[in-house]
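In what follows, a single structure is set out as structure tokens and then discussed.
The values are calculated or read from the model by the stated rules, or taken from the named source; none is laboratory data. Just so it is clear, the structure is predicted and the values come from calculations on it, not from any experiment. Ideal geometry is used to build each Cβ from the backbone, glycine not excepted, and the neighbour counts take in all protein chains shown. Accessible surface is based on the protein model in full, side chains and every heavy atom, while ligands, DNA and RNA are left aside. Shrake-Rupley method; radii C 1.70, N 1.55, O 1.52, S 1.80 Å.
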Amino acid sequence: MITDSGNKLREAIGAQIQRDLDQIGIQVDFQPIAFSALINTIFNNLDWECHIIGLAGGIEPHDNANIWFTDGRSHLFNLAPQSSQEPLEERSISEWEMKISQLYLQGAKTLDERQRQAIYHETQRLVAEYVPFVYLVNPFSLTAIRNRVNGVKYSALGAPFWNIHELMLEN
């Protein structure tokens with residue numbers, strides 16, 4: 001298991017996972033490495049079994065398409081070889097990965113809000129069923145919005161404008 005050295009939160013998470021799994025008899029070799037080495041290891045030499053890394057997103061589901069497209073540069077759990085790399089002989093794309101990729105394409109082409117919502121809900125259902133990532137933490141966030149903005153509903157994701165279509169501005 002690798003992560004970027006110097007990121008105290010990820011180093012602590014890795015050490016905790018290592019301790020917890022050791023208590024049930026699973027040996028974990030945990031190695032914090034320089035960020036540039038981490039990125040090179042993940043994307044270029046593919047010599048890893050598990051990594052702890054942060055993924056960013058936003059209120060627009062399609063912002064994460066690069067993670068979910070099967071040929072996306074951030075499809076970290078089943079990376080396609082980069083243009084400078086040899087093809088991976090044993091890489092196979094599962095049915096559910098293809099389905100998520102297709103749903104993201106469909107979501108990008110759909111203008112109706114309810115239909116888009118249903119499409120992205122289905123991607124979330126598939127992710128919850130097949131668990132390609134184990135999401136570990138969601139950091140605390142603090143948001144300040146002027147008191148003239150009505151209808152703000154705060155989210156655990158830290159995005160104050162996820163319901164932007166419901167917000168009203170007082171004069």
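For the stretch 116-170 versus the stretch 28-70, the spacing of their alpha-carbon centroids is 22 Å. A Förster radius of 25 Å, combined with the Cβ-Cβ distance separating Arg148 from Asp63, puts the computed FRET efficiency at roughly 0.35.
Model label points for Gln85 and Val131, set 7 angstrom from Cα along the Cα-to-Cβ axis, are 2.5 nm apart.
In the context of the full set of protein chains, residues of the stretch 34-147 present 70 Å² of accessible surface per residue (probe radius 1.4 Å, heavy atoms only). For Lys153, the aspartates and glutamates whose Cα comes closer than 17 Å to its Cα, not counting residues fewer than 8 places off in the same chain, are Glu60, Glu166, Glu170.
Scanning the chain for trypsin sites (Lys or Arg not before Pro) that sit in a DSSP loop and have at most 16 other Cβ atoms within 10 Å, the longest stretch containing none of them is 1-72. Computed over the chain, relative contact order equals 14 percent, with contacts defined as Cα pairs under 8 Å that lie 6+ residues apart.
For the stretch 72-160, the relative contact order comes to 19 percent (Cα pairs under 8 Å, sequence separation of at least 6).
The figure for His121 is an accessible area of roughly 100 square angstrom, using a 1.4 Å probe on the protein chains alone.
Using only the Cα atoms of the stretch 97-171, build the gyration tensor, take square roots of its eigenvalues as a ≥ b ≥ c, and label the shape rounded, prolate or oblate: rounded if a/c is under 1.5, else prolate if a/b is larger than b/c, else oblate. Here the stretch 97-171 falls in the oblate category. Residue ranking by accessible heavy-atom surface, 1.4 Å probe, largest first, among Asp4, Asp22, Asp112 comes out as Asp22, Asp112, Asp4. Figure note: Met1, Met168 ranked by solvent-accessible area, largest first, 1.4 Å probe, ligands and nucleic acids not counted: Met168, Met1. In this rough spin-label picture, where each label sits 7 Å from Cα along the Cβ direction, the Ser94-Leu21 distance is 1.8 nm. Look at the Cα gyration tensor of the chain: its axes a ≥ b ≥ c give a/c of at least 1.5 with a/b at or below b/c, and that counts as oblate. Computed about its Cα centre, the charge dipole of the stretch 53-97 is approximately 160 debye, with only Lys, Arg, Asp and Glu carrying charge at their Cβ.
Which shape class applies to the stretch 86-131: rounded if a/c is under 1.5, otherwise prolate when a/b exceeds b/c and oblate if not, where a ≥ b ≥ c are the square roots of the Cα gyration tensor eigenvalues? It comes out oblate by the Cα gyration axes. Carbon-plus-sulfur fraction of the accessible area of the stretch 73-171, 1.4 Å probe, in percent? For the stretch 73-171, the apolar C and S fraction of the accessible surface comes to 54 percent. Ligands, DNA and RNA excluded, the heavy atoms of Leu167 present near 30 Å² of accessible surface to a 1.4 Å solvent probe.
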